[in-house]
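Novice: Before I ask anything, here is the structure I am working with.
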Amino acid sequence: MFFQKILIFIPINEQLHWSLVAVLNLNALESSSSRKMSSDTAFPFLMHLDSTKAHSSTKIACLVNDWIRYKQDQSGGSSTSRSRTRGALAMVYPAIAQQENGFDFSLYCCHFAYGLLKVVQHGSPFIYKDV
């Protein structure tokens, strides 16, 4: 069930600041290992949305990839999907609105989540060119 998801939100809170990580297209994990990546194909990837760029995207990507590997091991995922994730899902950094104050972090996170939900609301995958 976990690996059938198109979109998973992970809110990040550190030092009174909120950002949002989206795990996209986990349902494409199995098939992505045998295909060549292109801008119009659904591939699993991570997206970090931080309205002040205060959080370490590298650290967050490592933690999220570790969590996905744990979930794969726990569910007994196939060796193909495990080997794909062992290489780690790529982190994408889209151009997003940057806040000008120090107190609207959660509003920006909600805004980003709403925007992503609008893209995938009909069950279609989020493809790289959507970024």
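The values are calculated or read from the model by the stated rules, or taken from the named source; none is laboratory data. Because the structure is predicted, anything quoted here is derived from the model rather than measured. Using ideal geometry, Cβ is built from the backbone for each residue, glycine included, and neighbour counts are taken over all protein chains shown.
Novice: In the set 114, 93, which member is at pLDDT 80 or above and of a type in the set (Phe, Trp, Tyr)?
Specialist: Testing whether each residue is at pLDDT 80 or above and of a type in the set (Phe, Trp, Tyr) leaves just 114.
Novice: Among 33, 51, which is the only one that is hydroxyl-bearing (Ser, Thr, Tyr), modelled with pLDDT of 75 or more and surrounded by 14 or more Cβ atoms within 10 Å (Cβ to Cβ)?
Specialist: After ruling out the rest, the residue left standing is 51.
Novice: Output the residues belonging to the stretch 9-23 that are loosely packed, with under 15 Cβ neighbours inside 10 Å and part of a strand (DSSP E or B).
Specialist: 9, 11, 13, 14
Novice: When you look at residue 108, is it surrounded by 14 or more Cβ atoms within 10 Å (Cβ to Cβ) and at pLDDT 75 or above, yes or no?
Specialist: When the stated conditions are applied, residue 108 passes them.
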